[in-house]
Amino acid sequence: MRMTHRGRTDTAPLAAAARSILACPDEVQLVVDGVDDIMAGLDPAGRQSTDDAAPLGMVDVDGHPVFSCPPDSALALAAVERRGALLTLTSGVGAPGSRERDAQLTIAGRLEATGTEQCECCDDVRATVTLQPSYVMVARPSQGSDLQLRVPLGEFCSPAHQLNRGFLQRSAEHANRCHQDELRRAVATTSGTRVSEIVGVQLADLRPERVDVRWVDLSGAHSRELVFPRAATTSRELGELLRSELHAGLC
């Protein structure tokens, strides 16, 4: 029999770890009541978002998994019918092979159709589907233990965990992969180097109050720590601080 721990000690760190997995999963599995193939109606582009290759276009919105899919897909139809669902995520937080990867998050709840959105790169309209959690569990299956830790829903959905470690890691990875041209221009401008001489730029160890900027140019490798004038408290504020300090803080 699988044991479930319901103790309420140290729930904030547990919730932060759970939110980190939700924001930065390595693998995602979604099972929906009464649906044999929830991927039906999703083409390969629909199965993975261009933003960090998140399966099913999933993002974390205040502790609620939100999916983007075609309006006629099995997932969208299941949401209209408010079917029950079980979401299982393996951790993508930390380096591959690290202890942080040895964690699994399970979220059970009910799907809801929560609107539509237009794709930024085309005219396609996509449905947004939200999984409303009813319970959340964290486990470490590779340790051979049956122990699961239940995360209080109120703590799991708390705004205090918006800038969790998984979100910060995924944000840096996204910037490095998808905004390399902007990063190279920012470093070139503030370091007095031609853009053509900047081989590559990497953001590392992103935190609410600072970030490491590393780059390689024709003279070799460089790094600099940028300390923000204040610690970010929301994802939007973090983005604004990053943009302003990347252009001004490297001088």
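The values are calculated or read from the model by the stated rules, or taken from the named source; none is laboratory data. As the structure is a computational prediction, the values presented were derived from the model and not from experiment. So basically every Cβ, Gly included, is an ideal-geometry build from the backbone, and we count neighbours across all protein chains shown. Surface accessibility is based on the protein's heavy atoms, side chains included, excluding ligands, DNA and RNA. Shrake-Rupley method; radii C 1.70, N 1.55, O 1.52, S 1.80 Å.
Taken over region 120-140, the residue count meeting the criterion of being of a type outside the set (S, T, N, Q), in contact with a strand residue (DSSP E or B) (Cβ under 6 Å, 6 or more places away or on another chain) and free of Cβ contacts under 8 Å to residues at least 40 places away in the same chain is 2. Among residues belonging to region 156-173 that are open to solvent by less than 50 Å² (accessible area, probe 1.4 Å), in a helix (DSSP H, G or I) and out of contact with any Cys (no Cβ under 7 Å at 6 or more places or on another chain), point out the one that is farthest from V227 (Cα to Cα). Taking the candidates together, the pick is F156.
Can you say whether T234 is surrounded by 13 or more Cβ atoms within 10 Å (Cβ to Cβ) and hydroxyl-bearing (S, T, Y), as far as the supplied structure shows? Considered against the rule, which asks whether it is surrounded by 13 or more Cβ atoms within 10 Å (Cβ to Cβ) and hydroxyl-bearing (S, T, Y), T234 comes out as no.
Within region 217-241, the set of residues being part of a loop (DSSP other than H, G, I, E, B) and over 16 Å from L203 (Cα atoms) comprises L218, S219, P229, R230, A231, A232, T233, T234. S134 meets each of the listed conditions (1) surrounded by 16 or more Cβ atoms within 10 Å (Cβ to Cβ); (2) at pLDDT 95 or above; (3) in the same structural domain as R83 (by the TED database) apart from (1). Kindly establish whether L203 is modelled with pLDDT of 95 or more and open to solvent by less than 60 Å² (accessible area, probe 1.4 Å). Against the criterion (modelled with pLDDT of 95 or more and open to solvent by less than 60 Å² (accessible area, probe 1.4 Å)), L203 qualifies.
Within region 220-235, the only residue that satisfies the criterion of being among the basic types (K, R) and modelled with pLDDT of 95 or more is R230. For region 91-98, the count of residues that are surrounded by fewer than 19 Cβ atoms within 10 Å (Cβ to Cβ), under 14 Å from the mean Cα position of the chain (by Cα) and modelled with pLDDT of 90 or more is nonzero. Of all residues in region 17-31, those that are closer than 16 Å to F167 by Cβ and in the same structural domain as S91 (by the TED database) have Cβ atoms under 6 Å from Cβ atoms of residues that are of a type in the set (V, I, T) and open to solvent by 20 Å² or more (accessible area, probe 1.4 Å), 6 or more apart or on another chain, in D26/T90. Of all the listed residues (V199, V187), the sole one being over 18 Å from L14 (Cα atoms) and outside any helix (DSSP H, G or I) is V199.
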